[in-house]
Each structure stands twice: as structure tokens, then as C-alpha cells.
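In what follows, a structure is listed as C-alpha cells, so that the remarks can point back to it.
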Amino acid sequence: MALDQDVCYAIISARDSRYDGRFFTAVKTTGIYCRPICPARLPKRDNVIFYPSAAVAQDEGFRPCLRCRPETAPDTPAWRGTSSSVGRALRLIEEGALDSGSVEQMAARLGLGERQVRRLFLKHVGASPVSVALTRRLLLAKQLLHETDLTITQVAMASGFGSIRRFNESFQQVFKTAPSFLRREIGNEGPGVPGPDIHLKLRYRPPYDWGAMADFMKARLYWGVESFEAGIYRRSLSLDDQIVLVAVAQGKGDWLNVQVKLQDLTLLPKVIARVREAFDLAADPDVIGSHLGQDFALQGLVLRRPGLRVPGAFDPFEVGIRAILGQQITVSAAIKLGAGLVSQLGAALPNGWAQETDVWRLFPSAESILASSLDFLGMPQARVLCLKAYCEAYLAEEDFFGGDIGLVLARLLGVKGIGPWTASYIALRALRDPDAFPAEDVALARGLEQLGGERPTRVALELRSQAWRPWRAYAAQHIWTKLASG
């Protein structure tokens with residue numbers, strides 16, 4: 001990503017918050033890199049150079065600023081690149097794919113060669129996958145030192161380092177100080193006495209339509225697995241056969257307050273990644289809105305809800321089940337089926353977990369669904385067979401949702417009973433494809449009709465949607481939200 005250095009300097013001179021996270025300022029005289037909104041004295045033009053991501057700045061030998069805390073900047077759009085493969089790789093890195101695995105193994109999950117992945121990263125990110133992963137680990141560690149009472153050893157484990165020695169060496173190399181010294185310097189002088197939960201702030205690029213996200217989730221709750229009370233969304237997860245509880249609420253600034261309870265601290269990066277995906281925290285509403293607003297029919301919707309996000313998924317497998325249950329019936333009817341599935345097949349949480357929250361079950365596993373007749377659902381036999389075929393296909397493939405999006409769609413469409421609408425909906429929510437678009441959706445056609453004109457056919461809707469690329473998923477979400485709100 002090429003940056004206009006003079007334009008960037010004008011932006012940091014104005015401390016324009018709209019550009020926070022879009023690039024980073026490296027000061028050659030101090031060896032520090034900052035966010036565009038850093039409150040420190042403006043450096044001279046000749047003393048700065050601008051980089052598209054924190055990983056590139058750290059690759060060049062600069063360390064993060066302690067005042068503006070680059071680890072708290074919104075997700076860097078440059079990291080998403082213009083390549084869907086890079087975007088998927090970055091999501092895997094965020095989940096910790098390179099904490100215990102290799103670039104070669106990650107490339108295999110993407111259906112690419114190792115050299116190809118390295119070339120794509122240098123082109124779109126400006127840094128290698130290993131450098132991006134190390135930056136992610138170090139910035140997460142710095143955030144944990146600031147925001148939690150975890151011990152230094154626990155911070156090392158939770159941020160993805162395999163050993164305390166490796167963590168100390170990497171931290172010292174980048175920050176030029178030891179983790180314990182940094183903790184004292186920022187005013188957290190205790191040795192770290194961790195409580196039962198980890199509290200974090202996950203930033204986003206404003207505006208953020210929390211109301212629309214809350215309404216979407218409230219209308220689709222699977223009671224027992226999740227709840228939404230007093231402005232707090234809670235749910236259970238099973239990650240790597242470990243139980244996790246997550247609570248998410250709107251923060252007082254441009255962030256979400258996240259509370260995590262987990263058995264294994266090494267799962268924290270994966271949990272954070274799931275929260276970010278589920279609440280679509282990486283979206284850039286200015287870019288998306290300016291593009292969709294060029295369509296006259298969508299213009300009013302975008303202006304009314306400039307911070308609308310596309311709700312994602314905590315578990316891709318779960319989204320597939322939800323989509324199949326929702327085929328050709330109303331949302332409320334689908335939720336009733338889902339609640340029955342959870343109550344009959346969802347494993348109960350241990351007492352120590354269930355007593356602390358109104359969430360008391362895990363989402364049913366593919367194995368438990370296959371082992372049941374599912375007669376209690378009262379569904380047509382064709383849809384029961386579809387559910388079971390989906391579970392069989394999921395278990396048969398080591399990484400069912402891995403690889404190119406086209407390949408995953410082909411796997412989904414290969415399941416008897418899953419058609420283009422179901423596959424596209426799963427891609428929209430579980431694969432986080434910003435261009436996913438279920439053109440067969442009757443509600444989308446009805447919504448466009450209400451916005452003016454005739455109700456489009458599937459073919460006409462597909463043609464109409466071409467102008468919304470690469471943000472068709474957001475266009476669909478705007479139309480669905482309009483229909484839901486009346």
C-alpha cells in the first residue's frame with residue numbers, strides 16, 4: 001500500500017481521528033511509531049516516515065508509543081489488502097494459526113503454496129506472515145499488561161508465546177524494556193493477581209450501530225447457549241474441547257467491553273478473533289457507506305444507519321445449522337427449532353460455570369446431532385436429512401470451512417438440501433465474505449420493491465447487485481434491517 005507522505009503529515013498535524021488505524025507514524029529520532037491521533041508534540045516533517053501497518057513499522061525497527069498505544073487502534077484496513085486470500089490468512093493469524101503452526105501449514109489451510117502466501121503478504125501488507133503474527137502477539141501482550149491483572153507468565157501464554165523466555169526476549173527487542181518494567185511504568189505495579197475473568201476493550205472504527213446489532217441478536221437467541229439482558233450479550237463456546245464464556249457490551253467510547261472466562265489462556269487470541277468477527281469490528285463504515293451511497297435506492301438507508309455492521313459468527317458450524325433450520329420458515333419459527341435442538345442435545349455446563357450466568361448449555365456438536373433421530377424437532381424429513389448430511393460432511397473434512405471461498409461454497413452446495421440461498425447466507429455470516437449475496441432471498445426482492453420500482457426477479461437482483469460490489473453483504477444487511485424496523 002503506497003502512502004502519500006505529505007498528506008499523512010497533514011493528517012497527523014490535524015490529529016484527524018478519522019484516519020486512526022489507517023496508517024502509523026514512525027519518528028526516526030526517537031525510534032517510536034504512533035497513531036495519527038497521538039497527543040505527543042508534532043515531530044518535524046523530516047523526522048517522520050509513514051507505514052500502512054504496525055507490522056511494517058516494527059519490521060523497520062520502530063517500537064510502539066506508550067502514550068497513544070498503537071495496540072488500541074482500530075483494525076488496520078491495509079492488513080485486509082485487496083486479496084481475499086490475504087484477508088483469510090489474517091483471520092487465521094488473529095486466531096493464533098502461527099503461534100503453534102507454520103506458514104506452510106497455514107498456506108495449506110488456504111489452499112495455497114507457502115511461497116504464494118509470502119508473496120501476497122509482501123504485496124498487500126508489506127510484511128511477512130511471521131512478522132504480522134509477532135506484531136499481533138506483542139501488541140496483544142501490551143494490551144493485557146495495560147488492561148488486566150494477569151501475571152507476566154499468564155500474559156505470555158495468553159498472547160500466544162510458547163514460553164516466558166521467548167516472550168521476554170521478543171518484548172525486550174521491540175519495546176526496549178522488560179514487560180515487568182513496562183507494567184510499573186504504566187502504573188500497574190502489582191505482580192498481577194488475576195481474577196476469574198479477563199476484561200478487555202476491543203476497538204472499532206466509528207460509527208457503530210450497536211442498536212441494530214443488538215436487535216439482530218435478540219431476535220435470534222438460542223436460549224441456554226446465549227442471552228441478551230441489560231445491554232449485555234452472553235454466550236458459551238466450545239473451542240478445542242474447552243469451555244469459554246463471553247460477555248459483550250457497548251463501551252463508553254469507540255470500543256466494546258468484553259469479558260472472557262476460559263480454562264486455557266492460550267485460547268484467548270482465538271476468542272478475541274471470534275468476538276471481532278461476530279460483531280464485525282474490522283469494518284470501515286466510511287468506505288462502505290460512500291460506495292453503497294452512490295446507489296440512489298440505498299442512499300437513504302446508509303444515511304439513516306451509517307454504522308451498520310454485518311453480524312458474523314462465533315462458530316461457522318453453528319451458522320450452518322441455523323441456516324438449515326431457517327430454510328423456508330420465519331425467523332421466530334427457526335429460533336423455536338434451534339431452542340429445541342439446544343435443550344435436547346446441548347451439553348450442560350458444569351455447575352461452577354452455569355451458576356454465574358443465565359447461559360447453561362453448549363451448542364450441540366455435529367456428533368450429537370448425527371446420533372439423534374431429531375424427531376423432537378417435528379421437521380420435514382428432507383430437512384432432517386439435510387442437517388445430518390451437513391454434519392457428516394463437516395466431520396469428514398478436517399477443515400471444512402478452510403480454503404478458498406469458492407471451494408467452501410462447493411462443499412456446502414455438495415450437501416443434499418443446501419442450495420444457493422443457504423450457501424450464500426452461510427458465506428455472508430460465517431466466512432465473513434463482504435461480497436456474499438443471497439440473490440434468491442425473497443426478502444431482499446421485497447425490500448427493493450419497497451424502496452421504489454418493481455419487485456426484481458432473482459436474475460434482475462443479481463444484476464442490480466453488481467454495482468454494490470465488493471460490499472454486497474452490507475447492502476443486503478441494510479435492506480434486511482429496513483424490513484425488520486418497518
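The values are calculated or read from the model by the stated rules, or taken from the named source; none is laboratory data. Since the model is a prediction, treat every value here as computed from it, not as a measurement. Glycine gets a Cβ as well: all are built from the backbone with ideal geometry, and neighbour counts include every protein chain shown.
Quick look at the numbers
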read-out: Odd one out for VAL415 among (1) among the hydrophobic types (A, V, I, L, M, F, W, C); (2) at pLDDT 95 or above; (3) out of contact with any Phe, Trp or Tyr (no Cβ under 7 Å at 6 or more places or on another chain); value: (3)
read-out: Yes/no for ALA427 being assigned to a helix (DSSP H, G or I), more than 19 Å from VAL319 (Cβ to Cβ) and touching a Leu at 6+ places or on another chain (Cβ under 8 Å); value: no
read-out: Subset tally (residues that are free of Cβ contacts under 8 Å to residues at least 24 places away in the same chain and either surrounded by 21 or more Cβ atoms within 10 Å (Cβ to Cβ) or of a type in the set (Phe, Trp, Tyr) (or both)) for region 233-261; value: 1
read-out: Test: SER372 is in contact (Cβ under 8 Å) with a residue 24 or more places away in the chain and polar (S, T, N, Q); value: yes
read-out: All positions within region 216-232 that are surrounded by fewer than 16 Cβ atoms within 10 Å (Cβ to Cβ) and not in a strand (DSSP E or B); value: LYS218, ALA219, ALA230, GLY231
read-out: Checklist (1) within 19 Å of LEU200 (Cβ to Cβ); (2) at pLDDT below 85; (3) in contact with a Pro (Cβ under 9 Å, 6 or more places away or on another chain) applied to GLY96, failing item; value: (2)
read-out: Residues satisfying the stated conditions in region 401-451, i.e. touching a residue at least 40 places away in the same chain (Cβ under 8 Å) and of a type in the set (Lys, Arg); value: ARG429, ARG432
read-out: Subset of region 308-360 (residues that are basic (Lys, Arg) and under 23 Å from the mean Cα position of the chain (by Cα)); value: ARG309, ARG322
read-out: Residue under evaluation ILE329, criteria (1) surrounded by fewer than 17 Cβ atoms within 10 Å (Cβ to Cβ); (2) β-branched (Val, Ile, Thr); (3) part of a helix (DSSP H, G or I), criterion not met; value: (3)
read-out: Of all residues making up region 93-116, the number that are among the hydrophobic types (A, V, I, L, M, F, W, C) and surrounded by fewer than 20 Cβ atoms within 10 Å (Cβ to Cβ); value: 2
read-out: Enumerated strands (runs of 3 or more DSSP E) restricted to region 21-69, each holding at least 2 residues that are surrounded by 14 or more Cβ atoms within 10 Å (Cβ to Cβ), touching a Leu at 6+ places or on another chain (Cβ under 6 Å) and touching a residue at least 12 places away in the same chain (Cβ under 8 Å); value: none
read-out: Region 370-382, residues that are crowded, with 18+ Cβ neighbours inside 10 Å and in contact with a Gly (Cβ under 7 Å, 6 or more places away or on another chain); value: LEU377
read-out: Every residue from region 337-369 that is part of a helix (DSSP H, G or I), in contact (Cβ under 8 Å) with a residue 12 or more places away in the chain and surrounded by 16 or more Cβ atoms within 10 Å (Cβ to Cβ); value: LEU337, GLY338, ALA339, GLY340, LEU341, VAL342, LEU345, TRP353, ALA366, SER368, ILE369
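Let's see how each residue does on (1) outside the structural domain of GLY447 (by TED's automatic domain parsing); (2) touching a strand residue (DSSP E or B) at 6+ places or on another chain (Cβ under 6 Å):
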{"site": "ASN257", "(1), (2)": "yes, yes"}
{"site": "ALA278", "(1), (2)": "yes, no"}
{"site": "ASP284", "(1), (2)": "yes, no"}
{"site": "ARG304", "(1), (2)": "no, no"}
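This table checks each residue for (1) within 18 Å of LYS270 (Cα to Cα); (2) basic (Lys, Arg); (3) at pLDDT below 85; (4) assigned to a helix (DSSP H, G or I).
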{"site": "ARG88", "(1), (2), (3), (4)": "yes, yes, yes, yes"}
{"site": "GLN116", "(1), (2), (3), (4)": "no, no, no, yes"}
{"site": "GLY126", "(1), (2), (3), (4)": "no, no, yes, no"}
{"site": "LEU134", "(1), (2), (3), (4)": "yes, no, no, yes"}
